[in-house]
Amino acid sequence: MREKKKIALFLAGMALGGLALFPRLSYAEFSLSVRPYAGGYELRYDRMNVAEGRVNREVTVTINSSIGKQYRLLQTFVQPLTNNDGGRIPTKDFLVYAIRGSNRYGTMNVIQEAPLYMDRQLLYTSDTSGSSDSFVLVYGLIPSSDFAPGYYRGRLAFILEPIDRSTNQQMVNVILDVSAQIEVNSSVEIKTATGSKDIILKAGEPLASSSEILFNIKGRFGKQFRILQLAEQPVSTNGNRLDWKAVTFSGSGASKGTVINVTTPLSAMQQPVYNSSVGGDADSFTLTYGLGDISGQKTGTYRGRIKYILDGAGLAQMQLIDTLNLEIDIPRIFDIEITPADQKAALEFANLRPESEPQRNEINIKVSSNTGKQYQVTQNLYSELKNKEGETIRAKYFTLRTESIDTKGALKLNTPEAVKKGETVLFVSDKDGSSDEFRVIYELAPSRDLKYGNYSSAITYSLAEI
């Protein structure tokens, strides 16, 4: 028993002695950890919506170093954020900055926000003794309406390396996967320059004779589309319909797609006003509505609507975007124009002699009317033709007749008749009260008993609804 104990003690001693003969080797530590705040090993941007704007994600960087030498941390965008169709999120929309004061020893080189680079980008420089450190980086992704919706993936590489390249210490590389799911709520916003839903046009008012409609295409539809308009013919409170040619429109301002740029009258048919780019990119443009030919339109306030329709973009059927009210105000016009004389000019025949040839005077009468009511033109002769001495010319020698100038209404004196003192109806319009024009011809045939001189009389013309 004693011999066995001695042998066991001897073997144990040998074992302890062996540990003393072979001391343990020690290695310098130089490691890097990059962890998103949300956990895991991927920097994720889930279900980002363009309307919600920028999203920030924090990443904690931990560096353990016992090499005793200064080092630095760099990053490079190994693979930009790319979707399955090859579409990329521009690096200018992916930004990084360090939270000030989150480190203890070294110097943060991205205190000011900067876009990510495809080249090496310096993030952090340690103190001269190469102390271990940790800090927080913030990565901001700014979704844009130019992005196609979908899932994007990319990769960031972090490089930890000693500044003194003469050392044998190897650099450390860590890859961080980045993913983003972009949701673009594509839409078309339509409004007037004043923000209302009314297109109002007023004839005779230069500042109100046109109206601009602003179209803002938000998001990227991903497929080509077009915008159509469908007008409802405006009707007045009296039941009169406005001619289509009375309202025109044209477009301007599109940068990605194509907008109609030719002045075009409204129509009862669907009218294409905009064609998008192939990818249905975000865009904006303006449609300007104005008054066209309203010469034949009756007075009144006309009201209708214009519908705007989205066609294409992968939709199974056309989709109504919005409806705007259309209002056209045409003021009352009821005027008479006398040429060459004005409305109260003297009708004069000069240097009359018994042997003179008959003298002739012509007056053109033009009526502008949009009342829709029948009217008549009347002349009023205040006295017979007289000279300074008060001598008159007998009525049978002074005649008048009316003559057509593409006249639509009824002329009342188609053959010469004696000009009578007082009122005489010259013309009656058509039943629609259309604008019209005609000529009045006065003729004076001197008689043998006529005394030499100038003869005149005052005459007026009146316009009145019947």
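The values are calculated or read from the model by the stated rules, or taken from the named source; none is laboratory data. Keep in mind that what you see is a predicted model, and the values were worked out from it rather than measured. Counting neighbours? That spans all protein chains shown, and the Cβs are built from the backbone with ideal geometry, glycine included.
In the set (1) more than 30 Å from Ile330 (Cα to Cα); (2) within 20 Å of the chain's Cα centre (by Cα), the condition left unmet by Thr288 is number (1). In segment 181-195, of all residues being surrounded by 12 or more Cβ atoms within 10 Å (Cβ to Cβ) and in a loop (DSSP other than H, G, I, E, B), the one that is modelled with the lowest pLDDT corresponds to Val184. Determine if segment 258-277 includes at least one residue that is under 22 Å from Lys197 (Cβ atoms), free of Cβ contacts under 8 Å to residues at least 60 places away in the same chain, among the aromatic types (Phe, Trp, Tyr) and outside the structural domain of Asp85 (by TED's automatic domain parsing). Within segment 258-277, one or more residues are under 22 Å from Lys197 (Cβ atoms), free of Cβ contacts under 8 Å to residues at least 60 places away in the same chain, among the aromatic types (Phe, Trp, Tyr) and outside the structural domain of Asp85 (by TED's automatic domain parsing). Selection of strands (runs of 3 or more DSSP E) fully inside segment 362-434 by the criterion of at least 1 residues being in contact (Cβ under 8 Å) with a residue 60 or more places away in the chain returns 375-381, 422-428. Out of segment 86-100, which residues are loosely packed, with under 15 Cβ neighbours inside 10 Å, touching a strand residue (DSSP E or B) at 6+ places or on another chain (Cβ under 9 Å) and assigned to a loop (DSSP other than H, G, I, E, B)? Scanning segment 86-100 gives Pro90, Ile99, Arg100.
Residues Ile213, Ile199: which one is touching a Lys or Arg at 6+ places or on another chain (Cβ under 9 Å), under 30 Å from Ser295 (Cβ atoms) and assigned to a strand (DSSP E or B)? Outline the logic, then answer.
Working: Ile199 fails: touching a Lys or Arg at 6+ places or on another chain (Cβ under 9 Å).
Selected residue: Ile213, the only one of Ile213, Ile199 that is touching a Lys or Arg at 6+ places or on another chain (Cβ under 9 Å), under 30 Å from Ser295 (Cβ atoms) and assigned to a strand (DSSP E or B).
Just one of the listed residues (Lys396, Lys373, Lys386) is surrounded by fewer than 16 Cβ atoms within 10 Å (Cβ to Cβ) and within 30 Å of Leu242 (Cβ to Cβ), and it is Lys373.
A residue that is surrounded by fewer than 19 Cβ atoms within 10 Å (Cβ to Cβ), in contact with a Phe, Trp or Tyr (Cβ under 9 Å, 6 or more places away or on another chain) and not in a strand (DSSP E or B) can be found somewhere in segment 438-447. Within segment 272-281, is there a residue that is among the hydrophobic types (A, V, I, L, M, F, W, C) and within 19 Å of Met318 (Cα to Cα)? Yes, segment 272-281 has at least one match.
Checked against (1) assigned to a loop (DSSP other than H, G, I, E, B); (2) under 22 Å from Phe94 (Cα atoms); (3) more than 34 Å from the chain's Cα centre (by Cα); (4) not charged (D, E, K, R), Val174 passes all but condition (1).
Among the residues of segment 351-370, which ones are crowded, with 16+ Cβ neighbours inside 10 Å and either outside the structural domain of Asp449 (by TED's automatic domain parsing) or closer than 24 Å to Leu450 by Cα (or both)? Full working, then the answer.
Pass one, segment 351-370, residues crowded, with 16+ Cβ neighbours inside 10 Å: 352, 359, 363, 365, 367, 369-370.
Those that are crowded, with 16+ Cβ neighbours inside 10 Å and either outside the structural domain of Asp449 (by TED's automatic domain parsing) or closer than 24 Å to Leu450 by Cα (or both): Leu352, Gln359.
From the list Ala8, Ala12, Ala38, exactly one residue is exposed (fewer than 13 other Cβ atoms within 10 Å of the Cβ), modelled with pLDDT of 50 or more and among the hydrophobic types (A, V, I, L, M, F, W, C). Which is it? Checking each option against the conditions leaves just Ala38.
One residue alone among Ser144, Ser134, Ser129 is within 22 Å of Asp281 (Cα to Cα) and either hydroxyl-bearing (Ser, Thr, Tyr) or surrounded by 15 or more Cβ atoms within 10 Å (Cβ to Cβ) (or both), and that residue is Ser144.
Just give me the residues in segment 216-259 being assigned to a loop (DSSP other than H, G, I, E, B) and in contact with a Lys or Arg (Cβ under 7 Å, 6 or more places away or on another chain), in sequence order. Talk me through it step by step, then tell me what you get.
Of segment 216-259, the ones assigned to a loop (DSSP other than H, G, I, E, B) are 219-224, 232-234, 237-240, 242-243, 253-257.
Within segment 216-259, Glu232, Gln233, Pro234, Asn240 qualify.
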